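Notes for the one structure printed next.
The values are calculated or read from the model by the stated rules, or taken from the named source; none is laboratory data. The structure presented is a predicted model; accordingly, all values stated were derived computationally and were not measured. Because the Cβ atoms are built from the backbone with ideal geometry, glycine has one as well, and the counts that use them run over all protein chains shown. Note: accessible area is taken over every heavy atom of the protein model, side chains too, but ligands, DNA and RNA are not part of it. Shrake-Rupley method; radii C 1.70, N 1.55, O 1.52, S 1.80 Å.
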Amino acid sequence: MWLGRGTDVNWMLVRDGSDLTLVDAGYPADIARLEADLRSIGHGLGDIRAVLVTHAHIDHIGGLQGLLSRHDVPVLMAAQELPLATGEQEKPGSRSDLIRMAWRPNVAMWLGRVMRSGVLHEEPLRGAQTWSDGGPLDLPGRPVPVASPGHTPGHTAYFFPEHGVLATGDALVTAHPLTAAHTPHLLPSVFNASDAGALAALDVLAAVDADVIVPGHGDVWRGPVGRAADLARSVPTSI
């Protein structure tokens, strides 16, 4: 199991024999970093058996544009997230609010990085699928989807029981360029569909019997998920 880093965002690779499950894929320009990660562990794009999407923001699905152009692989996400991925429904997160804050140095630098990484070149994701039930998926690592809406309507974390690892996407992060926290916390309201939902998702995550968290942003966190959720509730997340 490996943590990969794109432009201020993470993905995760899980191996079973010669096959891989990929969780999220970064920005469009991050495909080169993803390929480098694969080469570093002796693999290539063709070894990915499926991509699991935590949610449909471009920093988590943008890299699929380059991946799918070279490797036809199933992309799976919650049914509630599909309309966001296909462009049929507007995504949470106010770009206008972020632009109004661009005078702040940390916001300006972050916007510059993500613009170079393709944030303005988002394309609708076609051909994504949903899983048929909520049990372990027949994929490397036997992942279990954990519905955690709030950041987006269909946000999903993924639990890998054999490894004791929970990939939390943006339902719980340990760092972000626009926050000062370097401990488990929620993302600022400007990114969320529902702040109340984001808080409720922490209760769902806390019930998962994992002791390693791989977040969508920030470093891996080791310890009970319940402890991480408690910390996240107490950390201010304003920009």
- Note on the structure: Residue hits (the range 4-24; touching a strand residue (DSSP E or B) at 6+ places or on another chain (Cβ under 6 Å) and either under 16 Å from GLY66 (Cα atoms) or aliphatic (A, V, I, L, M) (or both)) are TRP11, MET12, LEU13, VAL14, LEU20, LEU22, VAL23, ASP24
- Query: Restricting attention to the range 172-188, which residues are assigned to a loop (DSSP other than H, G, I, E, B) and among the hydrophobic types (A, V, I, L, M, F, W, C)?
  - Reply: LEU172, ALA175, LEU178, ALA180, ALA181, LEU186, LEU187
- Message: Just the residues that are outside any helix (DSSP H, G or I) and either closer than 12 Å to HIS151 by Cβ or under 15 Å from the mean Cα position of the chain (by Cα) (or both), please, taken from the range 197-219.
- Response: ILE213, VAL214, PRO215, GLY216, HIS217, GLY218, ASP219
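Report yes if some residue within the range 192-205 is in contact with an Asp or Glu (Cβ under 6 Å, 6 or more places away or on another chain) and either open to solvent by less than 10 Å² (accessible area, probe 1.4 Å) or within 20 Å of TYR158 (Cα to Cα) (or both); otherwise report no.
no
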- The lone exception for HIS176 - which of (1) open to solvent by less than 40 Å² (accessible area, probe 1.4 Å); (2) modelled with pLDDT under 95; (3) more than 13 Å from the chain's Cα centre (by Cα) it fails: (3)
- Give the range 76-88 a look and list any residue that's free of Cβ contacts under 8 Å to residues at least 60 places away in the same chain and either surrounded by 24 or more Cβ atoms within 10 Å (Cβ to Cβ) or not acidic (Asp, Glu) (or both), or say none. PRO83, ALA85, THR86, GLY87
- Message: Looking for something within 19 Å of VAL14 (Cβ to Cβ) and touching a strand residue (DSSP E or B) at 6+ places or on another chain (Cβ under 7 Å) - is there at least one such residue anywhere in the range 185-206?
- Response: yes
- Query: What strands (runs of 3 or more DSSP E) lie completely within the range 1-75 and have 2 or more residues being open to solvent by less than 40 Å² (accessible area, probe 1.4 Å), of a type in the set (Val, Ile, Thr) and in contact with a Leu (Cβ under 8 Å, 6 or more places away or on another chain)?
  - Reply: 19-23, 48-52
- Task: Might you check whether a residue that is part of a loop (DSSP other than H, G, I, E, B), in contact with a strand residue (DSSP E or B) (Cβ under 6 Å, 6 or more places away or on another chain), in contact (Cβ under 8 Å) with a residue 60 or more places away in the chain and closer than 20 Å to HIS57 by Cα occurs anywhere in the range 232-239?
- Result: no
